[in-house]
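As structure tokens, the structure follows; a few thoughts come after it.
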Amino acid sequence: MKFLLKQKEFSVLAIVVIISIILSFVSPVFLTVQNWLDIIEGNAVIGILAIGMTLIIITSDIDVSVAALTTAVTVSIGYLFQFLPDSWISVVLIFLIAPLIGILLGSFNGLLVSKIKIPAIVVTLGTLNIFSGLVLYITNGNYINSTNFPDSFMAFSNIEIAGIPILIYLFALVAAGTWFILKYTLIGRSVLAIGGNAQSSVRVGINFEKVKMFVFSYMGFLAGIAAIAQTSYTSAIDPNGLAGLELTVIAAVVLGGANIHGGRGSIPGTLLGVLLLAIMQNGMILARIDTFWQNVVTGAIIVIAVSYDEINHRRNQEKLSNIDVKEAS
Amino acid sequence: VSEQSAGSGDSGEGGGTGNEETSGNSEEGNSGESGSDGGGGVAVVPKLVGIPYFNASETGAEQAGEDLGVNVEYTGPTEADAAAQVKVIEDLISQGMDTIAVAPNDPASVEPVLKKAKEEGINVMDWDTPADKELVDLSIKQVDDEEFGRHMAEKLVEAMGTEEGKIAILTGGLSAANLNLWIDAAKSELEENYPDIEIVSDKIPTEEKQQVAYQKTLDLLKSYPELDGVLAVSTPAPLGAAQAVQEEGLQDEVSVVGSALPTDSEPFLEDGSLDTAVLWNPEKLGYLTVALGKMLAEGEMPEDGQEIENVGEITVKDDGKTVIMGPPQDYTKENASEFDF
Amino acid sequence: MNMKLSKESVLGLIALGIFVGMGLFTPGFFSSSNLNNMMFQLPEFGLIALGMMVVIVTGGIDLSITYIAAFSGVGAALMMTNGFGILPAIVVGILFALACGAFNGTVVSKIGVPPILVTLGTMVLFEGVILAITSGNAISGFPDAYGLIGNGYYMGIIPVSLLIFIFFIILTAVLLNKSTWGRRVYMYGSNDIATMFSGVKNSKVLMKVYLYASLLAAVSAIIMTSRYNSVKVDLGSSYLLQSVAAAVLGGTDIHGGYGKVMGTIYAVLIFQFIRNGLNLMDVHSSLVDVVIGAILIIVLTLNFFSDKFSRRKGESSSEKTA
Amino acid sequence: MSDYILEMEHISKTFPGVKALDNVELKVKRGEVHALIGENGAGKSTLIKVLAGIHDADAGGKYLFEGEEADIHQPLDATLKGISIIYQDLSLFPNLSVAENIYIGRDSNKKPWKKINWKSMKGLAEKAMNELDMDIDLNKKVELLSIAQQQMIEIARALAFDSKLIVMDEPTSSLSSGEVEKLYKVIDTLKERGISVIFISHKLKELFRVSDRLTVLRDGQYVGTYGVNEINEQELIKLMVGREVVYERNTEKADIGEKMFEVNNFSKEGNFKDINFSLHKGEILAITGLVGSGRTELAQSIFGVNKADQGTIRLNGEDLTISSAEDAVKNGIAYIPEARQVQGLVLGQSVVNNMTLPVIDTLRNKFKLIDHNIEKNLTNQYIKSLDVRPSMPDMPADKLSGGNQQKVVIGKWLSAQPKLLIIDEPTNGIDIGAKTEIHKLLRRMVNEGIGVIMISSELPEVLSVSDRILVMSRGRIEGEMNTIDADQEKIMNIALDTEGEKDVGNSEVSDGKSHQEV
Ligand SMILES: Nc1ncnc2c1ncn2[C@@H]1O[C@H](COP(=O)(O)OP(=O)(O)OP(=O)(O)O)[C@@H](O)[C@H]1O
Ligand SMILES: Nc1ncnc2c1ncn2[C@@H]1O[C@H](COP(=O)(O)OP(=O)(O)OP(=O)(O)O)[C@@H](O)[C@H]1O
Ligand SMILES: [Mg+2]
Ligand SMILES: [Mg+2]
């Protein structure tokens, strides 16, 4: 039973393992610790956003404004850096303020989705335009490079514990925290509940609007964290740097087995989805695939993975509906 | 020279049909305060607005407008999208500009709209990236593409300090025409003069993003541990490549040369993770575009070797309309801090 | 007698209001050259928005639609640059698009993968195929006659492309409202299971939807390539999310089952007037995006409140649609 | 303290164009089981939705709970006050476990950040399950359970919530009779504990069995409230429909003609096996059995929705290969599903669009476009002949009551003029008046030469309507009889595989069976 339920995660895991095996034959560096640390660190931002997106997709919504929202926070961080002193306090402050800005923007999405009942894809399409338009207008697209950053922040970025960069810890913390919320808090289970059956949730007294509000605000919160991660990863703020990332994030989540119709999705699954996309990117160069064909390969793998998953899902559903037919007597 | 004369000069040249609107508009512009919106002057259309490079040229263009007393309209699409750019140009035609200077995202795609502009009696020129030669009255190039590509290759070899080894090439996007030109020129330079240098992979796209360039370079360094140099074409790419080199502490093993703006490059130039950033002065380019646009509106053509104030001596090719601003400019540890773009 | 205006008519009035407003406040907006411009600019985006709308009516979305357009443009361009005539080129362009549509349609209808996922994948896939074919370079140099499709006039006043667009508006409206396929599209969008239980072959309906959307993309591509005289991998890519926005602003239900051609057209007009007007006013292009995003949200918010208001007043609106 | 736990008076509810409730009254005493009855569209569900806070009543009504102004404007308010509602379509979370389904909703709103203690959650669920004498794995996802088990989970949830008033909207329509008995026992226990129950059902026998008092609604109006002892079935029917209705057994021997349809060796892994039967002209064939015995799967395989693994079907002497509903419809086979709202109707679309969907291809003019006049006329014709109310062809189907929705589905298939109609639970959730109409309609169709196969779990219906009965059990046809020779006990014996006692938590049946000749 457990196996059956985990099947969705299992199929991504299988693909990840297969690709990994192929890559480790093709390139000796693929299986090195350093390469994996690079892969994980390089995808921490996508990963953190994907974790937030998982909750949203579980409630059968979608958020295409994540990249714009994260960029808005990174830019705010950049402006804040001009005022913050070069001390550890600044790092702490950033960790307070960035998520707060994220929550603010995210809850704007949440408000429109839950109270005004505009479909999430429409709301976030609108806010995508608004956030990114404003960011470009205000910054005029200019980079803010690390010369303007407080040294304390740069020091923070470069921390390594046991040879593992700080960003990976941050990513792990977000993943574990969200996993815990999803599994061990009422609000977490409510997220799954409203995704499983929205009407039922209203009838049993779950505050549907509040939960929607929560997932979008939480997405905003994680976007705030992701903004810090992005800033420390690139040591620069590029107002165009995340453009288009929302589709990668969504792809990672659905590859990880979250159901776009809601009700299903898990943190481990999403992590696998992120990993799958990450090793594909990484592998393209390691496997020395002709650049002009890389998109073809990526696109094909996405189509194959979602199709495979759908076929699998169908087969399981079919089994579920079976009855125990009497044997001939 | 006043703006009024620029306006009338224009309608004289255009003449012919479908011109009522245009002249009507320029009259409107004339009757208003000088330098106000709504007609006349030079329109400068970048590939897109909101990236540092084109912001710098905007600064130059605006400066020229002020210095020369000409109305400058600097506007473009928010994405480097050919269709969106054409619309911007169409709207500018409606506004009745005297001169429109375009940095086309896709040279062929602006052809029809430039034709239309000409029919409306508007002077048409290209800048930064060439459009159809037949169409434009003037074509301003920051540098000679061939020269630029070859120059970057030379700089890379120089930075590597050896004439054999392995290098990789990063590009902004596979479909960027000018980047492709430079890369091809750089490749020919290497092939012809440094046959022992091996290019390890096809040019690698980086989506015009520093972060992607960074990751791809990390992957490259792992995949080709014997790599000696990276040629990074497009402005964010050298930064990403240098960031990777910096982090891996390979400043002395791997040389990075590419096209980037000096302020962005500074942190990497300092410790040698980026050896040389090669570019031109985009502010000057904007300035030159407006200056020549104004000349054109007044019915003059630039001459080879002419000295343009605040820009310098320009080269005019034999065809009489291709203007080259000057040689590529190298930004290094020593001089980068002198610039503010 | 019900005096309440339909959602679409209200939108039409808004479009008209913006048109007049822009005209009053923006010098040059009403100039014949500007009006002319707008007539040339409308069709390419409008066609893609229509295609997107048809897909959204089934409860799906087609994220690959602009790459289908680009792919189709590449097909036509390759033909012409290899010496074939305009007509065969157009046919091949359309065939390229239909092939993409068929691929989407097959995965969506036969395997049953949610359209957003399929087209997320095929978007990357088609882009990859175009890159592989063109090496990222632009293809250009078409016969002069080809340019007439996107730049020419019919009888000296009406742009040919606008006529093509109007033809497809009418065709789409007729197909959706009067053909049995159109009826099935709406029924499928409302409830695919009950539709299937009524003996409708859903996969066929869906397949045609994706084919039709890609046909519209192909027509748009032909107009674009003709207008811009070249094609590259990103042809029209900026229209992708905009077309979703236009369809939704036009009243199409993102969950499927409802959507009117005129609504989408009004939304396309609104976008056009705003973009053009603000451009003429010299508003920073980034702010134009902001305005478009804001309008989308404001209109839907107003919709919400007016629905709520009319429900509270107990006005009958639902049963008198005929 | 008032005798009444619930007092609703002068309750009206107006929807656009429809006055669903008009000055209705409902008063429920503490600890009583109160039945709410009325024809389809009488307003029962609407009244419950007002009670639950899903709809606000029009101004001027009085709604007291436990003697105080109820002030309930959303479901949450009702839940917090101790009102639990078990909707006909259930309110479960298929993706969550049994324990979570029982627990969820508790504190979710007030203390969203409360940490879940899985142990105590299961304890709570276990307790409720024990009270109901049920044994289901608490970790099992609800989607894996049978409908009957799901129904019980709903009741367990209501118990776990310490509800004071439990509303059950047609709880028995998908239960087998053993399960129904069990439910009765549960209701008796609730009563003993002083919990009030509002019970909605169209099955009159059942109402007399469980309830203390009844409130009757007709056309959105209050008819009256009666003690079960003050009134008999016939009187009640008269109150409901305003006329007398008889629901009598079929004792006539049908005038059976030639064989028109046959099914041979039909099997589908995990659904049904070795199905052989035939249908003759002029007879209504009933297929009955317990819920979950594979009848629906069989019907849907004949209709081509789920392909059978093997077997053949012949209609009017012709071998048919049917691999989709489209094939079935083309060959003149129609199927009216039991899941009306999901499979039967496109709820968001108008009555016209629904009615003409199967035949839309034939309603085209010479330009191959839909002829809206013909379409409308056809629809109006069926609206009239089936007495669909309100008779508004452009009304969205979801605004109709259950019974009228079913009429639209029937109209849809009549318009297709099928040769064979399979109708699955034709009167599920439909009132007596409409039921007899539908039964007459089936007979009329048979007389007109259409073959009719009726799947029904409701034995009185089977005995009244059909001419011949097949009984299915665990995927096989285990018995066949002529209706005039049949009675409820005979059928149940076969359906249950004898040894009657069955557990709700487990739809398996032990293996001693009385084999009937097929
Ligand atoms: N949301 C709504 N909008 C408009 N009319 C409605 C709505 N809901 C119900 N009605 C109408 O109100 C009336 C009462 O319907 P209701 O569902 O309460 O009947 P019911 O007694 O539960 O019938 P059934 O036994 O068939 O379920 C019907 O005429 C129905 O068409
Ligand atoms: N701690 C637990 N104690 C008892 N049952 C549990 C526990 N955790 C999960 N379950 C059961 O297992 C089912 C699977 O739950 P769920 O999918 O939330 O767990 P999960 O997959 O482990 O979550 P995640 O992978 O996100 O940690 C639940 O519906 C529940 O029935
Ligand atoms: Mg009801
Ligand atoms: Mg059944």
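The values are calculated or read from the model by the stated rules, or taken from the named source; none is laboratory data. Just so it is clear, the model here is predicted, and its values are computed rather than measured. We place every Cβ from the backbone using ideal geometry, glycine too, and count neighbours over all the protein chains shown. For the accessible areas, the whole protein counts, side chains as well, though only heavy atoms, and no ligand, DNA or RNA atoms are used. Shrake-Rupley method; radii C 1.70, N 1.55, O 1.52, S 1.80 Å.
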Just the number: Rg to Rh for the stretch A:157-209, Cα atoms, Kirkwood Rh, two decimals. 1.29
What order do you get for B:45-58, A:221-234 when each peptide is scored by the mean count of other beta carbon atoms within 10 Å, highest first? A:221-234, B:45-58
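For the protein assembly as shown, give the magnitude of the charge dipole about the Cα centre (Cβ charges: +1 Lys/Arg, -1 Asp/Glu; no others), in debye to the nearest 20.
Computed charge dipole of the protein assembly as shown: roughly 8220 debye.
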Averaged over its residues, how many other protein chain Cβ atoms are within 10 Å of peptide B:173-181's Cβ atoms? 4
Going highest first, how would you order C:107-113, A:186-192 by mean Cβ packing within 10 Å? A:186-192, C:107-113
Largest first, how would B:248, A:41 line up by accessible area (1.4 Å probe)? B:248, A:41
For chain C, the percent of accessible surface on carbon and sulfur atoms (probe 1.4 angstrom, ligands and nucleic acids excluded) is 69 percent
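Which number comes out as Rg/Rh for the stretch B:193-341 once both Rg and the Kirkwood Rh are worked out on C-alpha atoms?
We get a ratio of 1.09 for the stretch B:193-341.
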Here is the link list: B:166/B:187; D:29/D:399; B:87/C:208; A:212/D:13; A:117/C:178; B:133/B:155. Which ones come out longer than 22 Å on Cα distance? D:29/D:399; B:87/C:208; A:212/D:13; A:117/C:178; B:133/B:155
Compare the peptides D:272-284, C:233-245 by average per-residue count of other Cβ atoms within 10 angstrom and give them in order, highest first. C:233-245, D:272-284
Under the rule rounded for a/c under 1.5, else prolate if a/b exceeds b/c, else oblate, using alpha carbon gyration tensor axes a ≥ b ≥ c, the stretch C:103-257 is classed as oblate
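Counting only protein heavy atoms and using a 1.4 Å probe, what share of the accessible area of chain B belongs to carbon plus sulfur, as a whole percent? Provide the component values of the computation, followed by the final result.
Details: 4960 of 11450 Å².
On chain B, the fraction of accessible area on carbon and sulfur atoms equals 43 percent.
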The relative contact order of chain B, taking Cα pairs under 8 Å that sit 6 or more residues apart, comes to a percentage of 18 percent
Which three semi-axes in whole Å describe the equivalent ellipsoid of chain D, each the square root of 5 times a Cα gyration tensor eigenvalue, listed largest first? 38, 29, 23
What is the interface area between chains C and A, defined as buried accessible area summed over both chains with a 1.4 Å probe, reported in Å² to the nearest 100? 3400 Å²
Chain C: calculated mean residue ellipticity at 222 nm from DSSP helix runs of at least 4, using -39500 (n - 2.57): -24500 deg cm²/dmol
Give me the log10 of I(q) over I(0) for the stretch A:93-235 at q = 0.15 Å⁻¹, as the Debye formula computes it from C-alpha points; what are the numbers? -0.90
For residue D:280, residues with placed amide H under 5 Å, excluding near neighbours: D:260
Given 25 °C and 0.890 mPa s, how large is the Stokes-Einstein diffusion coefficient of the stretch A:64-124 in µm²/s, with Rh as the Kirkwood radius over Cα pairs? 193 µm²/s
Compactness of chain B as Cα Rg over 2.2 N^0.38 Å, two decimals: 1.05
List the residues, sorted by chain then number, that are 5 or more residues from residue B:166 or on another chain and whose placed amide H is less than 5 Å from its amide H. B:198, B:228, B:229
Largest fluctuation, A:296, A:254, A:66 only, Gaussian network model of chain A with Cα springs under 10 angstrom, belongs to A:296
Inter-chain shielding metric for B:237-247, i.e. average beta-carbon neighbours from other chains within 10 angstrom, reads 2
For the stretch C:58-130, dividing by residue count, accessible area per residue (probe 1.4 Å) in Å² works out to 28 Å²
I need the P(r) histogram for the stretch C:51-96: all alpha carbon pairs, bin width 5 Å from 0 out to the longest distance, whole percents. 6, 24, 20, 16, 13, 10, 7, 3, 0
Sorted largest first, extent of the stretch A:1-117 alpha carbons per principal axis (Å): 50, 43, 23
Mean projection area, nm², convex hull over Cα of the stretch D:120-250: 10.1 nm²
Spelling it out for residue D:454: with amide H atoms placed in the peptide plane at 1.01 Å from N, the residues 5 or more places away or on another chain with amide H under 5 Å from its amide H are D:285, D:286, D:287, D:423
Probe radius 1.4 Å, ligands and nucleic acids left out: which of A:13, A:104 has the largest accessible area, and how do the rest follow? A:104, A:13
Given the stretch B:34-119, what whole percent of its Cα pairs are spread farther than 23 Å? 18 percent
re chain A: pairs of Cα atoms spaced beyond 24 Å account for a percent value of 57 percent
To the nearest 10 square angstrom, how much accessible area does residue D:235 have with a 1.4 angstrom probe? 90 Å²
Roughly how many Å² of residue C:79 are accessible to a 1.4 Å probe, to the nearest 10? 40 Å²
So, how do all the Cα-to-Cα distances of the stretch D:207-351 break down into 10 Å bins, in percent, from 0 on up? 9, 26, 24, 22, 17, 3
Enter the accessible area per residue of chain B (Å², integer; probe 1.4 Å; all protein chains in place). 34 Å²
Mean accessible surface per residue for the stretch D:186-249, computed with a 1.4 Å probe while every protein chain stays in place, in Å²: 47 Å²
Whole number please: convex hull volume per residue, Cα atoms of the stretch B:161-242, in Å³. 79 Å³
How shielded is D:83-93 by partner chains, expressed as the average number of their Cβ atoms within 10 Å of its Cβ atoms? 4
Ignoring ligands, DNA and RNA, what percent of the accessible area of chain D is carbon or sulfur (1.4 Å)? 44 percent
Run the Debye formula on the Cα coordinates of the stretch A:193-329, all scatterers equal and no solvent, and tell me log10 I(q)/I(0) at q = 0.11, 0.12, 0.18 1/Å. -0.62, -0.72, -1.22
Would you kindly give the portion of the calculated P(r) for the protein assembly as shown that falls above 63 Å, as a percent of all Cα pairs? 22 percent
Computed Rg/Rh for the stretch C:175-228 (Cα atoms; Rh = Kirkwood radius) stands at 1.16
Roughly how much accessible area, to the nearest 100 Å², goes out of reach of solvent when D and A pair up, both sides summed, probe 1.4 Å? 3700 Å²
In degrees, nearest ten, helix B:52-68 long axis to first principal axis of chain B (Cα): 40 degrees
Running Debye on the stretch D:151-216 with equal point scatterers at the Cα sites and no solvent, what base-10 log of I(q)/I(0) appears at q = 0.13, 0.22 Å⁻¹? -0.32, -0.98
Charge dipole of the protein assembly as shown built from unit charges on the beta carbon (Lys, Arg +1; Asp, Glu -1), centred at mean Cα; most positive-end Cα among D:429, D:486, D:322 is D:486
If you plug each phi of the stretch B:211-217 into the Karplus form 6.51 cos²θ - 1.76 cosθ + 1.60 with θ = phi - 60°, what whole-Hz ³J(HN,Hα) values come out, in order, with x for Gly and Pro? 5, 5, 4, 4, 5, 5, 5
Between C and B, accessible area buried - total, square angstrom, nearest 100, 1.4 angstrom probe: 2700 Å²
Per the Cα gyration tensor, the stretch D:112-194 corresponds to an equivalent ellipsoid with semi-axes, largest first in Å, of 22, 16, 12
Largest first and to the nearest Å, give the Cα extent of chain C along each principal axis. 66, 57, 36
